[in-house]
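So the structure is just underneath, and the comments pick up after that.
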Amino acid sequence: MDESPSPSPRKGNEIEHKVYARAGLLGNPSDVYYGRTISFSLANFWATVKLQPSHHLIITPHPTHDLVQFSGLDHLVKRLQTEGYYGGVRLLMSICKIFYNYCNENNIELTKENFTLSYDTNIPRQTGLSGSSAIVCAALNCLLDFYRVRHLVKVEIRPDLILSAEKELGIIAGLQDRVAQVYGGLVYMDFTKDHLEKFGHGVYTPMDISLLPPLQLIYAENPSDSGKVHSTVRKRWLDGDEFIVSSMVEVADLALQGQTAILEKDYSKLADLMNRNFDLRRSMFGDDALGSLNIEMVEVARRVGAASKFTGSGGAVVVFCPDGPSQVKLLEDACKEAGFVIQPVKVVPSYLNEDDLKTLSG
Ligand SMILES: Nc1ncnc2c1ncn2[C@@H]1O[C@H](COP(=O)(O)OP(=O)(O)O)[C@@H](O)[C@H]1O
Ligand SMILES: O=C(O)[C@H]1O[C@H](OP(=O)(O)O)[C@H](O)[C@@H](O)[C@@H]1O
Ligand SMILES: [Mg+2]
């Protein structure tokens, strides 16, 4: 897959959109609980969705991610055990439904044209890098352009549409992924209940990506279902479990403190906040839900004195090495020995275009 962002999504009749992975830097998973987060769009991985006009409406299964042909029963069973039953087709269908209903309810007229949607992705599957919402977000972008309604669907509302498409499928998820993926760049997000309920979206403040220190990404091919990981904590939070409720408030506060730390380039504070973020997640979710391999990724970084936490619900870890390149080298060696992949983080700058910016309120 080509790494450069496509300057124009239209190639002849075809529309193609590319959306990057995202990493939660601070505050996740409090976005699921009216909290705050700081997240960024990660250039290391991306998903693309293509739309071509067609007579019928067709959702094309991906040859590997939606596999339905196997070499035998052992292959089928292995595949289900590692990657589960689902691929991206259900995500594409769901966003079509949400988009259609949203347009109907908001008197946005859609022409009677049909299309064929297909997708591709190199985001390691179900590793807490928001592979799911990257596919949904890219599909939404295609629909907005195909029906020429981009200027009618506000940027702030789009993360909510993307989230609704996943909720429709029973996937428990929050808004941080979708905000980072709609806006691009580094974004401070506040999901305070009152604002969310009054306006249907949080307060999203883009930040200068050059304020970030060099960061590393560690991941392992170890798919885990974010919906499953979240379900117990979600239930306890809904039941008013005091420990979960107060811990979630503390996690949200880390993003607030982190905003100041990043603006002031106070990186030792940033390191403390990242570590605290993971410790709080671990105490709420428990080691069984997080998985030993995921915990080991965090520990590998900590053993060389780096700060680390999950990018999402598990599978990948974002690391800050306060001592610089020599510490990064130690980390690389430790990852190699443990069998983890490590890469320097590349942050994508904001990718809102003029039409998008015009829809922003305020
Ligand atoms: N790389 C992928 N290719 C196809 N479908 C995917 C991929 N990643 C996620 N999905 C779909 O999205 C659903 C939710 O994925 P999720 O657990 O949120 O993973 P992630 O952390 O990558 O967002 C999966 O059950 C699957 O249907
Ligand atoms: O637990 C988290 O930090 C995040 O989990 C989900 O993201 P995923 O990439 O699917 O693991 C969820 O969608 C986010 O809102 C959570 O913050
Ligand atoms: Mg997801």
For segment 146-167, what are the residues that are of a type outside the set (A, V, I, L, M, F, W, C), touching a helix residue (DSSP H, G or I) at 6+ places or on another chain (Cβ under 7 Å) and away from ligand 1 (no atom under 12 Å from the Cβ)? Arg150, His151, Lys154, Arg158, Pro159, Ser164
Scan Val182, Val203, Val229 and give me the residue that is in contact with a strand residue (DSSP E or B) (Cβ under 9 Å, 6 or more places away or on another chain) and in contact (Cβ under 8 Å) with a residue 40 or more places away in the chain. Val182
Output yes when any residue across segment 42-49 is among the small types (Gly, Ala, Ser), in contact (Cβ under 8 Å) with a residue 60 or more places away in the chain, within 30 Å of Ala261 (Cβ to Cβ) and buried (at least 21 other Cβ atoms within 10 Å of the Cβ), and no when none is. no
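Sort out which residues of segment 325-343 are touching a residue at least 24 places away in the same chain (Cβ under 8 Å) and either more than 10 Å from Gln216 (Cα to Cα) or not aliphatic (A, V, I, L, M) (or both), and write them in order of number.
Initially, segment 325-343 is screened for residues touching a residue at least 24 places away in the same chain (Cβ under 8 Å), giving 328, 330-331, 334-335, 338-343.
Across segment 325-343, the qualifying residues are Leu330, Ala334, Cys335, Ala338, Gly339, Phe340, Val341, Gln343.
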What is the residue count in segment 130-145 for residues that are open to solvent by 10 Å² or more (accessible area, probe 1.4 Å) and away from ligand 1 (no atom under 16 Å from the Cβ)? 2
Some residue of segment 313-325 being more than 24 Å from the chain's Cα centre (by Cα), within 29 Å of Ser224 (Cβ to Cβ) and either modelled with pLDDT of 95 or more or open to solvent by 70 Å² or more (accessible area, probe 1.4 Å) (or both): yes
Output for Cβ contacts, cut-off 6 Å, separation at least six or different chains, first residue near ligand 2 (Cβ under 6 Å from one of its atoms) in segment 21-37, second assigned to a loop (DSSP other than H, G, I, E, B) and of a type in the set (Phe, Trp, Tyr), reads Asp31/Phe191
Subset of segment 69-117, residues over 25 Å from Glu168 (Cβ atoms) and among the aliphatic types (A, V, I, L, M), comes to Leu73, Leu76, Val77
Against the conditions (1) under 28 Å from Ser231 (Cα atoms); (2) in contact (Cβ under 8 Å) with a residue 40 or more places away in the chain; (3) more than 16 Å from ligand 1 (Cβ to nearest atom); (4) open to solvent by 30 Å² or more (accessible area, probe 1.4 Å), where does Val77 fall short? Just the number, please. (2)
Hey, Thr121 hits all of (1) under 20 Å from the mean Cα position of the chain (by Cα); (2) of a type outside the set (A, V, I, L, M); (3) more than 22 Å from Gly184 (Cβ to Cβ) but one; which does it fall short on? (3)
Does Val179 satisfy the condition of being more than 15 Å from ligand 2 (Cβ to nearest atom), modelled with pLDDT of 95 or more and closer than 20 Å to Gly202 by Cα? no
Identify, from the list Thr116, Thr127, the residue that is on the phi < 0 side of the Ramachandran plot, touching a residue at least 24 places away in the same chain (Cβ under 8 Å) and surrounded by 24 or more Cβ atoms within 10 Å (Cβ to Cβ). Thr127
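The values are calculated or read from the model by the stated rules, or taken from the named source; none is laboratory data. Fair warning: this is a prediction, and the values are worked out from it, not measured in the lab. Positions of Cβ are backbone-derived with ideal geometry, glycine not excepted, and every protein chain shown enters the neighbour counts. The area values use the complete protein model at the heavy-atom level, side chains included, leaving out ligands, DNA and RNA. Shrake-Rupley method; radii C 1.70, N 1.55, O 1.52, S 1.80 Å.
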